[in-house]
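Report on the structure given below.
The values are calculated or read from the model by the stated rules, or taken from the named source; none is laboratory data. Source: prediction; values computed, not measured. All Cβ positions, even for glycine, are placed from backbone atoms using ideal geometry, and neighbour counts span all protein chains on display. Remember, those area values only see protein heavy atoms, side chains included, never the ligands or the DNA or RNA. Shrake-Rupley method; radii C 1.70, N 1.55, O 1.52, S 1.80 Å.
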Amino acid sequence: MVDSLTRDDLAQALTATGRGDRTAFRRVYDATSAKLFGVTVRILKDRQLAEDVLQDVYVTVWNRASTYDPARAAPTTWLATIARNRSIDRLRSMASRPTGRPLDEAAEVRDETPDAAARLEARQEAGRLHDCLQVLDERAREAIRSAFFEGDTYETLAERAGVPLGTLKSWIRRGFQKLKGCLER
């Protein structure tokens with residue numbers, strides 16, 4: 001049976017719990033467990049974990065009820081703060097746990113990043129491409145950069161330049177021919 005307590009009744013029950021009164025503790029639990037369970041579930045997003053934390057919350061309440069001061073906080077605020085803090089503590093402890101996989105498995109993980117030689121070669125190719133782009137006339141260079149490096153569509157570029165779509169495609173096609181010739185040297 002859920003015990004509906006007023007704020008003052010709950011504060012008195014907490015005070016009595018602090019003196020070791022088990023009946024008062026049961027009243028606190030009955031009146032607040034649903035609300036505190038909601039707090040833990042919202043934070044932890046796992047029902048089983050929330051139930052475990054809720055048990056910790058009430059152990060803390062039993063042990064610390066003597067420190068509750070009704071002048072400093074409403075009883076539900078004090079209880080919800082304990083539930084929130086215990087839930088966050090559990091999240092933190094779970095995040096800091098090692099995954100439990102053996103260190104030996106790390107040797108089997110491939111490093112997908114390019115090695116130094118591949119990065120150097122890519123940097124040199126990028127430099128050559130940049131130099132070859134400078135050889136193109138400005139219209140073709142800007143159209144190619146916008147289409148292939150910024151992801152603009154041909155239609156958008158033609159509209160922005162105020163030219164027919166076919167004209168823009170011709171600029172890009174001729175620009176690519178010049179780029180190919182430059183890069184093959």
**Report entry** Hits among lysines - C-alpha to C-alpha of Lys45 under 27 Å, sequence gap 8 or more where chains match
**Finding:** Lys35
Report task. Treating each Cα of the chain as an identical point scatterer and ignoring solvent, apply the Debye formula and state log10 I(q)/I(0) at q = 0.15 Å⁻¹. Result -> -0.91
Report summary line: For the chain, the accessible surface attributable to carbon and sulfur atoms (probe 1.4 angstrom, ligands and nucleic acids excluded) amounts in percent to 50
Query raised in the report: Which angle from 0 to 90°, rounded to the nearest 10, does the C-alpha axis of helix 22-44 make with the longest principal axis of the chain?
Result: 0
**Report entry** Computed over the chain: relative contact order in percent, which uses C-alpha pairs under 8 Å that are six or more apart
**Finding:** 17
Query raised in the report: Counting only the heavy atoms of the protein chains, how much of Phe25 is accessible to a 1.4 Å probe, in Å² to the nearest 10?
Result: 40
Report task. Return the Cα extents of the stretch 1-66 along principal axes one, two and three, sorted largest first, each rounded to a whole Å. Result -> 33, 23, 18
Report task. Tell me the GluC sites (Glu not before Pro) within the stretch 142-181 that lie in a loop according to DSSP and have at most 13 other beta-carbon atoms within 10 Å. Result -> Glu150
Report task. May I ask for the angle, rounded to the nearest 10°, between helix 7-18 and the longest principal axis of the chain, with both axes built from Cα atoms and the value confined to 0 to 90°? Result -> 80
Report summary line: Descending packing, highest mean Cβ count within 10 Å first, for 84-90, 118-124 is 84-90, 118-124
Report task. Calculate how steeply helix 165-184 sits against the longest principal axis of the alpha-carbon atoms of the chain, using the helix alpha-carbon long axis, and give the answer as 0 to 90 degrees to the nearest 10. Result -> 80
